[in-house]
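Undergrad: One structure coming up, written as structure tokens, with questions to follow.
FYI, it's all coordinate maths here, none of it is from the lab. A quick note: this is a predicted structure, and the numbers were derived from the prediction, not measured. Positions of Cβ are generated from backbone atoms using ideal geometry, with glycine treated the same way; all protein chains shown enter the neighbour counts.
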Ligand SMILES: Nc1ncnc2c1ncn2[C@@H]1O[C@H](COP(=O)(O)OP(=O)(O)O)[C@@H](O)[C@H]1O
Ligand SMILES: [Mg+2]
């Protein structure tokens, strides 16, 4: 069986307006291994949500996928290029919400205010599993219990407004897990929750994923969440992946100056009294992406004549498997790659 459940190849997604083409996702390659949690991180506006919406073909006009492949390698041994499907293809509906499920940032996006929790969750099973009412009810109540909702039989008959934010997000997770998706995409699933609930929800997602051996693509701008939850990390900037590796590699020895900037802003990594560092400058407009390395105007390591002209830097793959898109990758490895520890 394919080691990756998802393989995105050279994905390009743009939004078109009178001002021109906004390249929100620009030549992204990303593989999610089976049974692993892959985190996709980066500052707001860098293309994380657009990437994840593309996987379920939820990008709407004026946006569209303008190039690339989104290969889904199913457990049944079949592969399909989701990017090539149309709304008329039954395959899209077999995948969407069933084999690949998504948890959105705001639970109410996924829940209808006018139907009970139970009816909405049973619907998932009717739609994809063709179960009887009694069987569906039993499974739904069991899943509500598994996601840590007390008195699931009573919650089953309640409406979303009767639940707290944390409980609603658990319901959404239950909904996404009910179909036992091969890939779960969670787009900032805990941003709307307080810190304690956040930790519980993440632990729960990790446990459910681990039990079922399924994969998770976890999208977040919260690096503490990444360090706590993910196996692998991909870092995105201005529509591109700039660095990828194991969570240990990326958290311990980030190489790309952008990743280094991001992780330096992680609380816990600095004494309380110290002011948090942040990456200087701001994210440029996607309508006006800098030449050369898109990060060069904000980079402390940028070298005139090397980093500020021509095409973006190619991906440098290191012997330990991680990769970095930086013109000065070799120097970054020598400086920050953690090689001295091995001597
Ligand atoms: N509906 C839309 N219309 C026009 N542009 C959009 C739309 N959605 C996203 N974009 C563009 O795509 C970029 C990436 O957005 P997004 O993927 O939502 O970022 P994030 O990394 O914060 O999830 C935005 O900065 C914006 O320029
Ligand atoms: Mg987003």
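Undergrad: Tell me, what is the percent relative contact order of the stretch 100-178, built from C-alpha pairs under 8 Å that lie six or more residues apart?
TA: Reported relative contact order: 45 percent.
Undergrad: With everything on Cα atoms, drop me the angle between helix 195-212 and the longest principal axis of the chain, reported from 0 to 90° to the nearest 10.
TA: The helix 195-212 is inclined about 80 degrees to the chain.
Undergrad: Related question: Dividing the alpha-carbon radius of gyration of the chain by 2.2 N^0.38 Å (N being the number of residues), what value is obtained?
TA: Working it through for the chain, the quotient is 1.04.
Undergrad: Tell me, in nm to one decimal, what length is gained between residue 335 and residue 115 on full extension, where the rule is 0.36 nm per residue of separation less the Cα-Cα distance?
TA: Net length gain for the segment: 73.5 nm.
Undergrad: Counting only helical runs of four or more DSSP H residues, what would the 222 nm mean residue ellipticity of the chain come to if each run contributes -39,500 (n - 2.57) and the total is spread over all its residues?
TA: Rounded to the nearest 500, it is -9000 deg cm²/dmol.
Undergrad: Looking at the square roots a ≥ b ≥ c of the eigenvalues of the Cα gyration tensor of the stretch 72-177, which shape do they give, rounded for a/c under 1.5, prolate if a/b is larger than b/c, or oblate?
TA: prolate
Undergrad: Quick check on the stretch 118-176: take the gyration tensor over C-alpha atoms, sort the square-rooted eigenvalues as a ≥ b ≥ c, and tell me if it's rounded (a/c under 1.5), prolate or oblate. Each step should come with its number before you reach the end.
TA: Details: a/c = 1.85, a/b = 1.71, b/c = 1.08.
It is prolate, given that a/c is not under 1.5 and a/b is the larger ratio.
Undergrad: Using the alpha carbons of the stretch 201-243, what is the convex hull volume per residue in cubic angstrom, as a whole number?
TA: It is 77 Å³ per residue.
Undergrad: Before anything else, pin down the relative contact order of the chain: Cα pairs under 8 Å, at least 6 apart, normalised by residue count, whole percent.
TA: Result for the chain is 19 percent.
Undergrad: Could you give the angle, 0 to 90 degrees to the nearest 10, between helix 133-146's Cα long axis and the longest principal axis of the Cα atoms of the chain?
TA: Roughly 50 degrees between the two axes.
Undergrad: Run the paramagnetic zone check for residue 318: 7 angstrom along Cα to Cβ, then residues of the stretch 221-244 with backbone nitrogen under 11 Å.
TA: 244
Undergrad: Under the classification rounded if a/c is under 1.5, otherwise prolate if a/b is larger than b/c and oblate if not, where does the stretch 1-148 fall, given a ≥ b ≥ c as square roots of the Cα gyration tensor eigenvalues?
TA: Numbers: a/c = 1.93, a/b = 1.56, b/c = 1.24.
Prolate.
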